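The values are calculated or read from the model by the stated rules, or taken from the named source; none is laboratory data. Keep in mind that what you see is a predicted model, and the values were worked out from it rather than measured. Ideal geometry is used to build each Cβ from the backbone, glycine not excepted, and the neighbour counts take in all protein chains shown. For the accessible areas, the whole protein counts, side chains as well, though only heavy atoms, and no ligand, DNA or RNA atoms are used. Shrake-Rupley method; radii C 1.70, N 1.55, O 1.52, S 1.80 Å.
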Amino acid sequence: MNKSSIYDCVIIPLNKIHNRAGNITVIEGKKHLPFDIKRVYYLYDIPGGEGRGGHAHKELFQLIIAASGAFDVFLDDGQNKKIVTLNRPNFGLLVVPGIWRELLEFSSGAICLVLASNIYNENDYIREYKDYINYKSMST
Ligand code: TYD
């Protein structure tokens, strides 16, 4: 997926089951997402001014959700860049493989929920931006 672009990274509206006692959003892999969910993790207690993420994945698909609060996701495919603000728990950002991402501007108490298509694998990470640019320039 080294030819992927930021335009493949789209907001996915999620369901919301509402009643007087609040809301529930349900996500089932493959049914609501273009991948099966093999891992869930969440970022929280993020100190003000800190950023996370600075990396790309070779094969991993992710859905990133602001389960609470708000933050920005900076996306870069080596040519195009965009910033997506997430601030509603019933919308997720699909991040396809081969995209450089950074998470920034976390509001106080924000929780970043991530649904991922595979288990943790350090070999799937590209952690240096220059390595990422090389990876994107390689023909498939
Ligand atoms: P990393 O993905 O680099 O976090 P971020 O990009 O948000 O700053 O992960 C931070 C650390 O946590 C790193 O040492 C690897 C570890 N980690 C796991 O062991 N399993 C996981 O599923 C994740 C996401 C991270």
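Summary of values
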quantity	calculated
Where a residue in region 103-129 is over 11 Å from Phe71 (Cα atoms) and its partner, wherever it lies, is of a type in the set (A, V, I, L, M, F, W, C) and open to solvent by 60 Å² or more (accessible area, probe 1.4 Å), with Cβ under 9 Å and at least six apart	Leu113/Val40; Val114/Val40; Leu115/Val40; Ala116/Val40
Of residues in region 91-108 being in contact with a Phe, Trp or Tyr (Cβ under 8 Å, 6 or more places away or on another chain) and not in a strand (DSSP E or B), the one most open to solvent (accessible area, probe 1.4 Å)	Glu105
Matching residues, region 72-89, being crowded, with 17+ Cβ neighbours inside 10 Å and either in contact (Cβ under 8 Å) with a residue 60 or more places away in the chain or within 19 Å of Phe35 (Cβ to Cβ) (or both)	Val73, Leu75, Asp76, Asp77, Val84, Leu86, Pro89
Residue list for region 109-125, restricted to those being in a loop (DSSP other than H, G, I, E, B) and over 14 Å from Arg52 (Cα atoms)	Gly109, Ser117, Asn118, Ile119, Tyr120, Asn121
In region 63-100, the residues that are polar (S, T, N, Q) and closer than 14 Å to Ile6 by Cβ	Gln79, Asn80
Cβ pairs under 7 Å, 6+ apart, first in region 42-71 and open to solvent by 30 Å² or more (accessible area, probe 1.4 Å), second of a type in the set (Asp, Glu) and within 11 Å of the ligand (Cβ to nearest atom)	Gly51/Glu102; Gly54/Glu102; Lys58/Asp124; Glu59/Asp124
Residues satisfying the stated conditions in region 24-41, i.e. farther than 25 Å from Leu104 by Cβ, open to solvent by 80 Å² or more (accessible area, probe 1.4 Å) and in contact (Cβ under 8 Å) with a residue 12 or more places away in the chain	Pro34, Lys38
Tally, over region 122-140, of residues that are open to solvent by 70 Å² or more (accessible area, probe 1.4 Å) and either among the small types (Gly, Ala, Ser) or within 12 Å of the ligand (Cβ to nearest atom) (or both)	4
Residue within region 34-48 that is at positive phi and within 16 Å of the ligand (Cβ to nearest atom) present	yes
Tally of residues being assigned to a loop (DSSP other than H, G, I, E, B), modelled with pLDDT of 95 or more and closer than 17 Å to Glu59 by Cβ across region 126-140	1
